[in-house]
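Here the structure is laid out as structure tokens; the discussion comes afterwards.
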Amino acid sequence: KADLKEAIPQLVQQLQDLSALTKDVDKLMMALRPLIYAIRYGSTRKLDVSSLEQVINQIIPRICVLLPNACVGINEDFTNDLFEKILDTNHSISLMDDEKYLKDWNHTLDQITRLLNVSTLLKGGCLRMLFDKNIITVTDAANEMYLMLSVGNDTTSAAQWLEGFLHGSGLLLIHNLDLWNILNKWIDEMSFLTLQNLVPLLRRTFSEFSQPEKEKMLELAKRGQAK
């Protein structure tokens, strides 16, 4: 923005050096969005963005390789922070509209959904991103949801999976009644005490939905199993 074009080559070289050395996927994801935005809008400032593309060519593959392991065995606070960064990275890579990057990134999301000892929040969120891209079908999503909300599974983990899967919009529940019925059955079979303990977590999930979405869900809830 300051039109310091002469500084760009040295800055790009520093970025390349840092990105090649770091194993901190958290920092790589934080660096990605401003670089992609610079490429998308750099032409309006008459910047040569080819050097920035070389940096991104290093960063995205490293994110894809490092991220799955970074999701394993982390505490709740770091999980929530990492989830926001995964959402941001997903949006940034989608902006590039590069088939190879998208394929590699989607494969990484799929890996996270299958790993053991990974927070169900991350698993549900990654599955939702794949669902929104039509990479997995409604049937696949319903099968996974059925497994996550089945009797015997930890209810808190199931609620966290829902938080990730329903993040941003509840429209998929309204438009896909198979998913709604699985959720309805899960809550219907839950003891009052268990439901009472889960209310704060469920409220956090459903509070993100728009008022029309909430009203439609209330109508569905009154009916019981939807047909």
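The values are calculated or read from the model by the stated rules, or taken from the named source; none is laboratory data. Note that this is a predicted model, so its numbers are computed, not measured. Virtual Cβ from ideal backbone geometry, glycine too; neighbours counted across all protein chains shown. Surface areas here come from the heavy atoms of the whole protein model, side chains and all, with no ligands, DNA or RNA. Shrake-Rupley method; radii C 1.70, N 1.55, O 1.52, S 1.80 Å.
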Hey, Met148 open to solvent by less than 40 Å² (accessible area, probe 1.4 Å), under 23 Å from Arg203 (Cβ atoms) and either hydrophobic (A, V, I, L, M, F, W, C) or touching a residue at least 12 places away in the same chain (Cβ under 8 Å) (or both) or not: yes
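A quick yes/no check of all residues on (1) part of a helix (DSSP H, G or I); (2) modelled with pLDDT under 80; (3) of a type in the set (D, E, K, R); (4) closer than 19 Å to Asp98 by Cα:
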| position | (1), (2), (3), (4) |
| --- | --- |
| Val12 | yes, yes, no, no |
| Ser19 | yes, yes, no, no |
| Met29 | yes, no, no, yes |
| Leu32 | yes, no, no, yes |
| Arg40 | yes, yes, yes, yes |
| Thr44 | yes, yes, no, no |
| Ile59 | yes, no, no, yes |
Options Ala158, Ala221; residue that is of a type in the set (A, V, I, L, M) and within 26 Å of Leu116 (Cα to Cα): Ala158
In segment 74-124, the residues that are under 22 Å from Ala158 (Cβ atoms), in contact with a Pro (Cβ under 9 Å, 6 or more places away or on another chain) and open to solvent by less than 30 Å² (accessible area, probe 1.4 Å): Ile112, Val118
Filter result for Thr120 (modelled with pLDDT of 90 or more, under 21 Å from Lys85 (Cβ atoms) and either out of contact with any Lys or Arg (no Cβ under 6 Å at 6 or more places or on another chain) or not hydrophobic (A, V, I, L, M, F, W, C) (or both)): yes
